[in-house]
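The values are calculated or read from the model by the stated rules, or taken from the named source; none is laboratory data. All of these numbers come straight from a predicted model, not from anything done at the bench. With ideal geometry, Cβ positions are generated from the backbone for all residues, glycine too; neighbour counts draw on all protein chains shown. Calculation scope for accessible area: heavy atoms of the full protein, side chains included, ligands and nucleic acids excluded. Shrake-Rupley method; radii C 1.70, N 1.55, O 1.52, S 1.80 Å.
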Amino acid sequence: MVYKLRNSVGAKEIADHLELELLGKNRKITNISSIENSNKNSLTFSNSVNFFTSACVLLNINEKKIKEDKSVIFSKNPRLDFMRCLDFLEKRVGFLNNEAPSKIDNSAIIGKNVVIENNCIIGENVVIKPNTTIHSGTKIGNSSVIGSNCSIGGDGFGFETLSNGETIRFIHLGGVIIGKNVEIGSLNSIAKGSLSDTIIEDYVRTDNLVHIAHNCFIGKGSLLTACAEISGSVSIGKNVWLGPNCSINNKISIGDNSFVGLGAVVQKKIPPNEIWTGNPAKFIKKNK
């Protein structure tokens with residue numbers, strides 16, 4: 001996805017604000033995106049020189065030589081400077097992505113004290129129980145149930161520390177997509193993505209007190225039991241079982257039909273059809 005700005009901003013203005021050097025074209029920046037979804041008017045960032053995009057990129061490069069058609073803002077810490085840029089753009093021009101009114105199907109059942117912000121889609125026969133907040137950019141598929149006292153689509157936990165010791169937040173522009181026939185337990189927190197969406201596929205079930213961080217993917221039919229903690233950018237396959245109080249480290253992938261035991265601390269990739277448990281979690285046997 002791309003996230004549109006209210007007005008275009010020149011790449012040179014952005015570089016000057018960040019006190020960084022612009023190499024190549026002074027493009028008009030009209031949107032923010034991940035590098036995979038970028039276009040010629042996007043601003044994005046990468047920690048690798050092996051990028052294939054026409055966008056303006058915050059990039060860490062040793063040799064400041066680029067092709068004429070490229071546009072690069074030289075940075076020693078692209079992620080941090082991209083966060084600084086998002087903060088600047090939000091204050092300078094703002095974003096358009098969450099201004100549309102929400103669409104709520106007439107068959108949806110909305111409990112007391114539920115808050116549904118702008119730019120949400122609530123499908124047919126959805127049930128949202130009392131005291132839950134559905135934040136901007138959330139889509140809930142038909143016949144899904146959201147428990148009481150949940151936060152769906154709030155900001156994830158993304159911070160960097162500046163040289164003066166202050167912390168800066170990574171402004172989250174993505175959303176949460178919840179499929180059909182999903183059941184979310186009470187007191188769940190599901191964070192929206194930063195530059196993409198957090199995705200919960202069809203027929204997923206979560207128990208009470210489950211935390212799903214930004215940019216996660218939860219595959220069809222997976223079962224997440226009480227107090228499971230899934231860190232940022234974790235990918236969980238289909239029909240996975242996560243035991244009570246387990247923790248999954250960020251950017252870990254768990255294969256289809258795997259089983260994670262009670263209190264397991266997962267720090268490594270789990271292949272499909274395996275049982276892992278312990279702290280740190282270890283392979284026990286195949287899950288037949």
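Every test in (1) farther than 17 Å from G261 by Cα; (2) out of contact with any helix residue (DSSP H, G or I) (no Cβ under 9 Å at 6 or more places or on another chain) is passed by I230 save one, and that test is (1). Of all residues in the range 257-276, those being over 17 Å from N239 (Cβ atoms) and open to solvent by 50 Å² or more (accessible area, probe 1.4 Å) number 4.
Can you spot a residue in the range 106-113 that is part of a strand (DSSP E or B) and surrounded by 16 or more Cβ atoms within 10 Å (Cβ to Cβ)? Yes: the range 106-113 contains one or more residues that are part of a strand (DSSP E or B) and surrounded by 16 or more Cβ atoms within 10 Å (Cβ to Cβ).
Rundown of residues vs (1) of a type in the set (A, V, I, L, M); (2) outside any loop (DSSP other than H, G, I, E, B), yes/no style:
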site	(1), (2)
I152	yes, yes
G156	no, no
E160	no, yes
S163	no, no
I168	yes, yes
L173	yes, no
I177	yes, yes
K180	no, no
L195	yes, no
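For the range 199-216, residues that are touching a Ser or Thr at 6+ places or on another chain (Cβ under 7 Å) and either among the β-branched types (V, I, T) or crowded, with 18+ Cβ neighbours inside 10 Å (or both) total 8.
Quick check, is E99 modelled with pLDDT under 95, open to solvent by 70 Å² or more (accessible area, probe 1.4 Å) and at negative phi? Yes, satisfied.
Evaluation of V93 against the conditions (1) without any contact (Cβ under 8 Å) to a residue 60 or more places away in the chain; (2) over 19 Å from D197 (Cβ atoms) shows that the sole unmet condition is (1). Specify the residue that is surrounded by the fewest Cβ atoms within 10 Å (Cβ to Cβ); the eligible residues are those in the range 23-39 that are at pLDDT below 90 and under 22 Å from G174 (Cα atoms). Looking at residues that are at pLDDT below 90 and under 22 Å from G174 (Cα atoms), I get E36. For the range 42-72, the set of residues classified as open to solvent by 30 Å² or more (accessible area, probe 1.4 Å) and modelled with pLDDT of 85 or more consists of F45 only.
Could you tell me which residue of the range 239-256 is surrounded by the fewest Cβ atoms within 10 Å (Cβ to Cβ), considering only residues that are farther than 18 Å from V210 by Cβ and not polar (S, T, N, Q)?
The selected residue is K251.
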